[in-house]
Amino acid sequence: MITLKVNGVTRRFDGDPEMPLLWYLRDLLELTGTKYGCGRGLCGSCTIHVNGVQVQSCVTAIGSADGKSVATIEALGANVDHALQRAWMKNNVPQCGYCQSGQLMTAAALLKEKPKPTDQDIDTAMAGVICRCGTYQRIRQAIKDAAEVAL
Amino acid sequence: MRQITVINRRSFLGGLITAGAFVLGTRLLPSLVQGAAKTESASWSPSIFLGLEPDGSVIIVAHRSEMGTGIRTALPAIVADEMDADWGRVRIEQALGNSKYGSQNTDGSQSIRDFYDTMREAGATARQMLIAAAAARWGVPSGECSTAKHEVIHAKSSRRAGYGELAAGAAKQPVPKKSDLRFKSPADHRYIGQDMPVSNLKELCSGRGVFGIDATMPGMVHASIERSPVLGGKLKSHDDSETLKVKGVLKTVVLEGFSPPHGFKALGGVAVIADNTWSAMKGRQALKAEWDPGQNASYDSEVYKKDLMATVSKPQKAARNVGNVDAEFAKNAKSHEAYYYVPHLAHAPMEPPAAVAEVKDGKAVIYAATQNPQAVQDTVAAALGIDKKNVECHVTLLGGGFGRKSKPDYVAEAALLSKAVGRPVKVTWTREDDIRFDYFHSVAAMYLKASLDARGKPTALLQRSAFPTIISTFNGAAAEGAPFELGMGLTDMPFEIPNIRAENGPAKHHVRIGWLRSVSNIFHAFALHSFIDELARLANRDPVEYLLDLVGKPRKIDFKAEGTDYSNYGKPLDKFPVDTGRLRRVVELAAEKSGWGNKKSGNGRGYGIAVHRSFLSYVAVVVEVEAGANGRVTIPRVDVAVDAGTIVSPDRVKAQFEGAAVFGASIALMGKITATKGVIDQSNFDSYPVARITEAPFKTHVHLVPSSDPPAGVGEPGVPPIAPAICNAIAAANGKRIRDLPINPVA
């Protein structure tokens, strides 16, 4: 039996411990904000936080999260009011929006580590998350805007 | 062509709105669009609806698919503007697939250009009927009444009435004839041309948007499908004993292979059905399947490339012939020629193909990320042998489309599997499935030759291309480029050259070929605009000055007079001419905004330009590159000048061109799909990389030409000039000319 917290709620799971967190979240908990994009940790669409650390949930077995705390996009801002979400909306960042959960969760981890990131910091941190629509320059701007507001 | 009628509210979204509502149906027949539309149902009795509730709520149906362009906001904003409705009281509802709406195939950069007038007519009709209702109530002439934000006003008597309270009366008014409609002047537009809040922005920033891959139905099971690695291969044998041991796996189902042509049919294979996605995928890994690969196992990209190059090295069928190219070549000693090559590309939308289907009692209910819900109806109906009216297709948000999701083979799979297992089934393609079984963008070879005058300007130009045609997806024997494909950068070459010939040679298909964002413009524009830049450099002339010389005097190309079959994206040339004056203006604007005149290329930094008209829009691009000694190319800046006619949503249009620069950079820098023995060599983002934030242009500046011309396309026309402009910038930076894409293929 695996016990973990997901967005503050304690959950128990007695299935295949190899199941990636991605599919546990999406299919079993119906938290579909976390997206499948590649299944191999290559695209970052599935990024979540485990014990506050950013991980790619498509290559993170649920067994490894036993006793840990998982946070997903659904818990980023209670009313879509996280500084990043506000900056995202101000800059009209999303196009299709599919990768944006992964972008936002990655950006949130970045700001926690570097509250005032440089362009270089942003590009290094965000290089793991692919946006096929090409919203990168607005992502960069939104992270900078959020960093200013957060200070 | 169009007529507007008051319709029974029951037929509006199946009775979604309440009694007493005033519902307006707009019947229309949009002009037939070329290309993809040829593959669609011939049924053309569409209608699109607008509803007004007694409480004043306005319901506008979004009948096109939202995949990131903002169309779900833009088309309703046009209706609301002409209606003089308060945007805050507008509710947008996504339409089901239904031919009554006209084409819902959201591709070809068509949504605004095909439906702008229709939406304005719907809004203006409602407004006039509301005025008539108020005038009747007050006993005053309609002409004395006006509207302002959700109210009708009679200024003389200072009376006002809200739209909601007028709804019932308005429904009883005669519907004005189209010729009697009065439209706002552009100066009075409050939503058209403004940046309206994107309707689903909050959902997209909080993981709450529902994409096809997120859709669920009660009792649903999940499927992952093992398919023949070679197109058209047959299942010889399979062993699912290990699969069935995987926890969560329920059963396997064999899906029959398709009979050619493949069209949008399910490919066939062995489906693993499980109670969750992971178990289906894991069970599939444990499956043993043997395939008879069939004749497409002969497909080898290296050999095929040589064949394509050989084809374009010989004279081929002329699709455009002006003057006498051969005679000019014979008498002119000075000439230049070059070969270009662009490989297959995959769409790779971030959301792979995914759909949910429930087939029960001879009916199918579908939830799908689809660009074309009517093609879903047709395809699912054909797969199940039922009438298309029994296929109900709900359109979810799309996690990218780029043309892939116009082809609903994955929806047919879900429907066939639901029928087989008697439960709702969700089919989720893995990324490997998506890349290996795509409808690939055509691989293409091009040959160009020009004879040159004393100043290095072409006196004759020959363009020749060969590529497997999209038509092969619907007719296996088709081997030559269709007029609509040749009309994308070959037969519409706009430069002022006295002798012109465009030729196209045959090419076989061995994989499924499909349209990808900007279609055959990609390779035709790459060759043409690279070649033009080569000529400018040969002549030691500034590329912008040279380009403007080639664009020549403002003129409208008379394709009819020259005998060229040019389809012009399905639009009449009198309304949407190929206007070199507009071409010139975007070149000048891009040069000015990028500071071209003050830039100096060399020492690994270079500036390149390209200009291309596609989807009726004019786009010039100046790209700045840094080309390091290690071969690494970075793109600090892109300037895009756009004349797309009337703009409805400036910020969303800019976003499309920002995104197109990234999409074009992926094509130029790294996009490459190849086959060995008929099997696609690439499978995920390691072997088929796309531009990341570190590889994309750092900043793209989009400059819109103010225009009151009819609206033209914006989703695709940003792509074609990017790759040649990047390569032209590299040539300026270090002298290296790239004629084979991509620049940095995966080793």
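The values are calculated or read from the model by the stated rules, or taken from the named source; none is laboratory data. All values derive from a computational prediction rather than experimental measurement. Positions of Cβ are generated from backbone atoms using ideal geometry, with glycine treated the same way; all protein chains shown enter the neighbour counts. Calculation scope for accessible area: heavy atoms of the full protein, side chains included, ligands and nucleic acids excluded. Shrake-Rupley method; radii C 1.70, N 1.55, O 1.52, S 1.80 Å.
Give me the distance between the Cα centres of segment B:331-371 and segment B:629-708, rounded to whole Å. Segment B:331-371 and segment B:629-708 have Cα centres separated by 16 Å.
If packing is taken as the average count of other Cβ atoms within 10 Å, what order do B:76-83, B:129-136, B:328-335 fall into, highest mean first? If you can, show how the numbers build up before the last one.
Working: B:76-83: 27.1, B:129-136: 23.1, B:328-335: 14.1.
The packing order, highest mean first, is B:76-83, B:129-136, B:328-335.
The mean number of Cβ atoms from other chains found within 10 Å of a Cβ in peptide B:385-391 is 0, as a whole number.
Could you sort B:229-242, B:356-369, B:159-172 so that the peptide with the highest average Cβ count within 10 Å comes first and the rest follow in order?
Values: B:229-242: 16.9, B:356-369: 22.4, B:159-172: 18.9.
Output ranking for B:229-242, B:356-369, B:159-172: B:356-369, B:159-172, B:229-242.
Segment B:593-614 and segment B:59-89 have Cα centres separated by 38 Å.
If you place +1 on the Cβ of every Lys and Arg and -1 on the Cβ of every Asp and Glu, how big does the dipole about the Cα centre of chain B come out, in debye to the nearest 20? Mind dumping the intermediate values first?
Values: 90 positive and 77 negative charges, 112 e Å.
Dipole about the Cα centre, nearest 20: 540 debye.
Classify segment A:66-125 as rounded, prolate or oblate, taking a ≥ b ≥ c as the square roots of the eigenvalues of its Cα gyration tensor: rounded when a/c is under 1.5, otherwise prolate if a/b is larger than b/c and oblate if not. Walk me through the intermediate numbers first.
Numbers: a/c = 1.61, a/b = 1.10, b/c = 1.47.
Because a/c hits 1.5 or more and a/b fails to exceed b/c, segment A:66-125 counts as oblate.
Once the 1.4 Å probe is applied to the protein heavy atoms, segment A:2-75 comes out at 36 Å² accessible per residue.
Determine the shape class of the protein assembly as shown: with a ≥ b ≥ c the square roots of the Cα gyration tensor eigenvalues, call it rounded for a/c under 1.5, and otherwise prolate if a/b is greater than b/c, oblate otherwise. The partial results should precede the final answer.
On the way: a/c = 1.39, a/b = 1.06, b/c = 1.31.
Note, shape of the protein assembly as shown comes out rounded.
Using protein chains only and a probe of 1.4 angstrom, how many square angstrom of B:Asp300 are accessible, to the nearest 10? It works out to around 50 Å². Of the cross-linked pairs B:Lys571/B:Lys599; B:Lys334/B:Lys736; B:Lys363/B:Lys407; A:Lys90/A:Lys116; A:Lys116/B:Lys672, those separated by over 28 Å at the C-alpha level are B:Lys571/B:Lys599; A:Lys116/B:Lys672.
What does the charge count around B:His238 come to, taking other residues whose C-beta lies under 9 Å from its C-beta (Lys +1, Arg +1, Asp -1, Glu -1)? Provide the component values of the computation, followed by the final result.
Numbers: positive: B:Lys236, B:Lys288; negative: B:Glu226, B:Asp239, B:Asp240, B:Glu290.
Result for the local shell: -2.
Measuring with a 1.4 angstrom probe and ignoring ligands and nucleic acids, B:Ser313 comes out at about 60 Å² accessible.
Take B:595-605, B:527-537 and order them by the average number of nearby Cβ atoms within 10 Å per residue, most first; the result is B:527-537, B:595-605.
Ranked from largest to smallest solvent-accessible area, with a 1.4 Å probe on the protein heavy atoms, B:His509, B:His612 come out as B:His509, B:His612.
Less than 9 Å Cβ to Cβ from B:Asp409, Lys/Arg counted +1 and Asp/Glu -1: what total charge do the surrounding residues give? Write out the running numbers ahead of the final one.
Numbers: positive: B:Lys265, B:Lys407, B:Arg512; negative: B:Glu413.
The answer is +2.
Placing a label point 7 Å from the Cα of B:Ala318 along the Cα-to-Cβ direction, the residues of segment B:481-509 whose backbone N falls under 16 Å of that point are B:491-493, B:497-505.
Order B:Ile471, B:Ile225 by their accessible area, 1.4 angstrom probe, all chains in place, largest first.
Values: B:Ile471 50, B:Ile225 0 Å².
These residues rank, largest area first, as B:Ile471, B:Ile225.
Extension gain, B:Glu144-B:Leu538: 0.36 nm per intervening residue step, less the Cα-Cα distance, totals 135.0 nm. Take the Cα of B:Asp239, step 7 Å toward its Cβ, do the same at B:Ala327, and the gap between the two points is 7.3 nm. For segment B:78-114, the residues whose backbone nitrogen is under 16 Å from a point 7 Å from the Cα of B:Lys575, taken along Cα to Cβ, are B:102-103, B:109-114. Note on A:Asp14/B:Thr216: beta-carbon distance plugged into 1/(1 + (r/R0)^6) with R0 of 30 Å gives a FRET efficiency of 0.85.
Rounded to the nearest 20 debye, the dipole magnitude of segment B:155-303 is 1240 debye, with +1 charges on Lys and Arg beta carbons, -1 on Asp and Glu beta carbons, and the Cα centre as origin. Per-residue mean of foreign Cβ neighbours for B:697-703 is 2 (Cβ atoms of other chains, 10 Å radius). Projected label points at B:Lys363 and B:Gln295, each 7 Å from Cα along the beta carbon direction, are separated by 4.3 nanometres.
Remark: mean inter-chain Cβ contacts per residue of A:76-88 equal 2, using a 10 Å Cβ-Cβ cutoff to other protein chain atoms.
Among the complete DSSP H segments of chain B, which ones combine at least 20 Å of alpha-carbon extent along their axis with a mean Kyte-Doolittle hydropathy of -0.5 or more? Don't jump to the answer; show the numbers that get you there.
Working: long enough: B:111-138 (39 Å, -0.11); B:521-538 (25 Å, 0.67); B:580-594 (21 Å, -0.45); B:650-669 (28 Å, 0.46).
For chain B, where a helix must reach 20 Å along its axis and average at least -0.5, the hits are B:111-138, B:521-538, B:580-594, B:650-669.
Residue farthest toward the positive end of the dipole of chain B, with Cβ of Lys/Arg at +1 and Asp/Glu at -1: which of B:Val619, B:Ser649, B:Ala338? Sorting the options by dipole projection puts first B:Ser649. What does the charge add up to near B:Leu573, with Lys and Arg as +1, Asp and Glu as -1, over the other residues with Cβ less than 9 Å from its Cβ? With Lys, Arg at +1 and Asp, Glu at -1, the neighbours total +2. Using alpha carbon centroids, what distance separates segment A:125-151 and segment B:427-489, in Å? Segment A:125-151 and segment B:427-489 have Cα centres spaced 35 Å from each other.
Look at the alpha carbon pairs under 8 Å that are at least 6 residues apart: their mean separation over the length of chain B gives a relative contact order of 13 percent.
Rounded if a/c is under 1.5, else prolate if a/b beats b/c, else oblate: with a ≥ b ≥ c from the C-alpha gyration tensor eigenvalues square-rooted, which is chain B?
On the way: a/c = 1.94, a/b = 1.14, b/c = 1.70.
Cα axes put chain B in the oblate bin.
Distance check, please: which entries in B:Lys202/B:Lys654; B:Lys100/B:Lys172; B:Lys288/B:Lys426; B:Lys306/B:Lys553; A:Lys5/B:Lys419; B:Lys305/B:Lys457 exceed 28 angstrom between their Cα atoms? Exceeds cut-off: B:Lys306/B:Lys553; A:Lys5/B:Lys419; B:Lys305/B:Lys457.
Normalising by the residue count of chain A, find the relative contact order in percent from Cα pairs under 8 Å and 6+ residues apart.
Here the relative contact order equals 24 percent.
With the alpha-carbon atoms of segment B:485-589 aligned to their principal axes, the span from lowest to highest coordinate is 43, 34, 27 Å, starting with the largest.
At R0 = 60 Å, how high is the FRET efficiency between B:Val746 and B:Ala155 if r is their beta carbon distance? Nearest 0.05 is fine. Walk me through the numbers on the way to the answer.
Numbers: r = 69 Å, r/R0 = 1.15.
Step by step, r from the Cβ atoms, then E = 0.30.
Please give the FRET efficiency for B:Val303 paired with B:Asp55, using the beta carbon to beta carbon distance and R0 = 60 Å, rounded to the nearest 0.05. Don't jump to the answer; show the numbers that get you there.
Working: r = 68 Å, r/R0 = 1.13.
Given R0 = 60 Å and the Cβ-Cβ separation, E is 0.35.
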